[in-house]
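Okay, structure first, notes after.
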Amino acid sequence: MELRNLRALVAVAEQRHFGHAAASLDLTQPALSLRIQVLERELGLQLVQRNSREVRLTAAGEALLVHARALVQEEDRALREMEDHVAGLAGRLRISYLTVWNLGLPTRIVAEFRRRYPAVRLETSSGHSLLNVQRVMADEVDFAFVGMQAGEPDDLVMRPIDRLEIVLVMTPANHLSPMEIVPIDCIRGEPIIAVTSALGSPHVRSGRAWLASRLGEEPNIVAEEPSDQIPAAVALSGVAVTLATSDRAALWEGEGLISRRLSPTPVVDYGVAYRQDNQSPALLNLIGIVDALASPLPELPEGCEVIGTPREPPRPAGGSPTG
């Protein structure tokens with residue numbers, strides 16, 4: 001049995017009139033009658049009785065109607081889902097947050113996508129920047145938030161969408177706290193608690209290299225901690241300082257810490273990464289939201305310096321952990 005013939009039977013049952021049923025299917029009346037006749041020949045049963053006043057189903061027609069409706073509804077649902085998939089209104093999208101940049105724009109972008117496309121199933125994870133790049137390249141995620149590199153792998157789009165200032169974080173009792181702006185030279189020799197280097201992150205290395213070049217010596221790193229443990233470590237030390245983005249430092253004020261701007265002002269650029277050949281409609285819709293919410297980065301103000309990351313060829317995602 002063909003679905004179009006079953007659809008004709010459903011229309012006749014609902015309209016009780018061949019002319020009205022034909023119109024509902026955008027058919028001529030003879031074409032509708034032919035579909036009913038084909039269905040009756042296939043089954044060897046009379047399904048419809050008609051006279052000058054009405055059309056009604058036979059007992060066999062009523063028995064078949066239950067199944068015909070179910071099949072027609074299933075076809076309609078499948079077609080709707082395929083249309084939604086093509087339009088990016090349904091399906092799946094895999095997104096990886098950046099562990100050190102999960103505030104501000106990333107949350108706004110994903111929240112707006114959820115609002116506009118609630119039927120799309122989001123699979124979210126998080127990772128360090130280089131790991132996120134590797135996972136995009138390996139097609140393990142469709143879209144990732146990353147720290148910008150000085151260059152990008154072939155077949156990968158990396159777009160800067162946000163620039164955050166790096167500030168000095170300390171306890172209110174620290175002897176540097178009276179300064180509104182702390183010259184970089186003033187933290188020479190100061191005990192610093194830094195983000196752990198165990199993951200081999202090139203962004204962590206470049207930050208330390210920038211600081212060393214400005215201090216004229218290696219920074220006095222007295223401890224390394226995961227980023228989520230740093231505020232507690234600084235608060236407990238009482239004398240140590242750390243460097244953090246301004247938005248994260250603002251959150252740490254709830255843990256009794258304060259922040260001060262640095263001179264010159266270090267900044268870090270963050271962005272998004274996705275494969276050029278990924279034409280997922282859901283991904284294209286997400287990129288449209290990025291375009292709407294993320295303004296182009298302005299020219300670097302005088303006195304600011306971008307902490308850059310030298311290009312390192314990404315290793316396969318299954319290799320040694322990096323970020």
Open item on the list: As a test, work out the antiparallel percent of DSSP beta bridges whose residues both lie in the chain, rounded to the nearest 5.
Closed with: 55
Open item on the list: Whole angstrom only: what separates the Cα centroid of the range 54-68 from the Cα centroid of the range 214-240?
Closed with: 78
Task: Residue-wise HN-Hα coupling along the range 21-38, computed from phi with Karplus coefficients 6.51, -1.76, 1.60 (Hz; x: Gly, Pro) - done: 5, 4, 5, 5, 9, 6, 10, 7, 5, x, 5, 5, 4, 4, 5, 5, 5, 4
Task: Base-10 log of normalised Debye intensity for the range 30-187 (one unit scatterer per alpha-carbon) at q = 0.13 Å⁻¹ - done: -0.83
Open item on the list: If each residue of separation counts as 0.36 nm, what is the full-extension length gain between Leu176 and Ile221 once their alpha-carbon separation is subtracted?
Closed with: 14.5 nm
TODO: Pairs of Cα atoms under 8 Å, at least six residues apart: use those to get the relative contact order of the range 198-296, whole percent.
DONE: 13
TODO: First measure r as the distance between the Cβ atoms of Arg205 and Leu71, then evaluate 1/(1 + (r/R0)^6) with R0 = 56 Å and state the FRET efficiency to the nearest 0.05.
DONE: 0.35
Open item on the list: How much of the pair distance distribution for the range 41-112 lies past 17 Å, counting alpha-carbon pairs only, in percent?
Closed with: 69
Open item on the list: If amide hydrogens are placed 1.01 Å from N in the peptide plane, which non-local residues have theirs closer than 5 Å to the one on Glu305?
Closed with: Thr265, Val267
Task: Estimated dipole of the range 23-120 in Debye, rounded to 20 [Cβ of Lys and Arg +1, of Asp and Glu -1, Cα centre] - done: 400
- [ ] Just flag the GluC sites (Glu not before Pro) in the range 205-279 sitting in loop per DSSP whose Cβ has no more than 12 other Cβ atoms within 10 Å.
- [x] Glu217
TODO: Calculate what fraction, in whole %, of the accessible area of the chain sits on carbon and sulfur atoms when a 1.4 Å probe is rolled over the protein chains.
DONE: 52
Open item on the list: Restricting to Cα pairs below 8 Å that are 6+ residues apart, what does the relative contact order work out to for the range 160-252? Please round to a whole percent.
Closed with: 47
Task: Protein-only accessible surface order, largest first, of Arg121, Arg188 at 1.4 Å - done: Arg121, Arg188
Open item on the list: Using Cα-Cα distances under 8 Å and only pairs 6 or more residues apart, what relative contact order does the chain have, in percent?
Closed with: 22
Open item on the list: From the phi angles alone, apply the Karplus equation (6.51, -1.76, 1.60; θ = phi - 60°) to the range 111-117 and give each ³J(HN,Hα) in whole Hz, x where the residue is Gly or Pro.
Closed with: 4, 5, 5, 4, 5, 7, 10
- [ ] Roll a 1.4 Å probe over the protein chains and send me the accessible area per residue for the range 202-277 in Å².
- [x] 45
Open item on the list: At q = 0.15, 0.18, 0.19, 0.22 Å⁻¹, what log₁₀ I(q)/I(0) does the range 195-296 have when each alpha carbon counts as one equal point scatterer in the Debye sum?
Closed with: -0.82, -1.00, -1.06, -1.25
Task: Placed amide H near Ser96: partners under 5 Å, 5+ positions off or other chain - done: Ser125, Phe143, Ala144, Phe145
- [ ] Once you have the Cα-Cα distance between Glu14 and Ser246, take 0.36 nm times their residue separation minus that, and quote the gain in nm to one decimal.
- [x] 77.0 nm
Open item on the list: Assuming 0.36 nm per residue, please report the length gained on full extension of the stretch Glu299 to Arg50 beyond their Cα-Cα distance.
Closed with: 81.8 nm
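The values are calculated or read from the model by the stated rules, or taken from the named source; none is laboratory data. Keep in mind that this is a model prediction, so the values were computed, not measured. Glycine also receives a Cβ, built like all others from the backbone with ideal geometry; neighbour counts cover every protein chain displayed. Areas reflect the complete protein model, heavy atoms only, side chains present, ligands, DNA and RNA absent. Shrake-Rupley method; radii C 1.70, N 1.55, O 1.52, S 1.80 Å.
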